[in-house]
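Asker: Encoded as structure tokens, here's the structure I'll be asking about.
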Amino acid sequence: MVGPRVRGLAPLAEGRWWASDNDGFTGHFQAAAFLAHLERLRPFAPRCLFVAAPDVVGDAAATLALFPRWRSVIEAHDFPVAVVAQDGQEALALPESANWLFLAGSDAWRGRHGPALIAQAGALGYWGVHVGRVNSARRVQACVALGADSCDGTYLRFTGVERGLRDVQGWVEAGAGQPGLFDLARAV
């Protein structure tokens, strides 16, 4: 996962699959920086899973109001687009024009409404589902059991890449046999 404030793009240059956030969660979203970020990512577009459209943390209606403009901008840069689901999305329809669902929002909200939103995204033909803020074995296993295609978190920042990747791979393998449990509020 990369973002406007991520400087190193070596993994992308190595040919890895990647996705991009927009810095909305951190409170650092800046339109000019996001546009410059999209430009510098263009050479790596063929291996892009999605770029998350800018969102408003905790506010699904405001996020959906931003989506059409930013979807057009992201698509104009030749990237697939993820709509970011925030608290309140369960009462609103997901846009038909997204490629991915990025399940954000509060942990308790995701635990209650995540499965239905993922089903809705599947019915709309979205290419995949990504879950953010997944930093433990239980959360990775819950995402795998539910059928999420990808997830991210800050775990590697604190453990180091080598150890962290080994840990996460083990979590994914262990989660492949888990029943369909998706309680992100408890899965810490």
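Asker: Quick check: pseudo-label points 7 Å beyond the Cα along Cα→Cβ at Ala61 and Ala13, how many nm apart are they?
Answerer: Computed distance between label sites Ala61 and Ala13 equals 4.7 nm.
Asker: Using a ≥ b ≥ c from the Cα gyration tensor of the chain (square roots of the eigenvalues), is it rounded, prolate or oblate, where a/c under 1.5 gives rounded and otherwise the larger of a/b and b/c decides, a/b for prolate?
Answerer: Here the chain falls in the oblate category.
Asker: Sort Ser20, Ser97 from largest to smallest accessible area, using a 1.4 Å probe on the heavy atoms of the protein chains. Can you show the working numbers first?
Answerer: Details: Ser20 0, Ser97 45 Å².
Sorted by accessible area, descending: Ser97, Ser20.
Asker: Give me the distance in nm between label points sitting 7 Å out from Cα along the Cα-to-Cβ direction at Arg112 and Ser72, one decimal.
Answerer: About 3.5 nm separates the two model spin labels.
Asker: Further, regarding this structure: Per residue, how much accessible area does segment 13-141 have with a 1.4 Å probe, in Å²? Present the calculation step by step, with values, prior to reporting the outcome.
Answerer: Details: 5500 Å² over 129 residues.
Averaged over the residues of segment 13-141, the accessible area is 43 Å².
Asker: Sticking with this one: Give me the distance between the Cα centres of segment 109-149 and segment 3-60, rounded to whole Å.
Answerer: Each part's Cα centre sits 20 Å from the other's.
Asker: A further question follows. Need one word for segment 100-155: rounded, prolate or oblate. Basis is the Cα gyration tensor (sqrt eigenvalues a ≥ b ≥ c); a/c below 1.5 gives rounded, then a/b vs b/c decides.
Answerer: Cα axes put segment 100-155 in the prolate bin.
Asker: Next question, about the same structure. Could you tell me which helices of the chain pass both thresholds, a Cα extent of 27 Å or more along their own axis and a mean Kyte-Doolittle hydropathy of at least 1.0, with helices taken as whole DSSP H runs?
Answerer: In the chain, no H run is both long and hydrophobic enough.
The values are calculated or read from the model by the stated rules, or taken from the named source; none is laboratory data. Because the structure is a prediction, the values reported are computed rather than measured. Backbone-built Cβ (ideal geometry, glycine too); neighbour counts: all protein chains shown. To get the accessible areas, we keep the full protein, side chains included, count just its heavy atoms, and leave off ligands, DNA and RNA. Shrake-Rupley method; radii C 1.70, N 1.55, O 1.52, S 1.80 Å.
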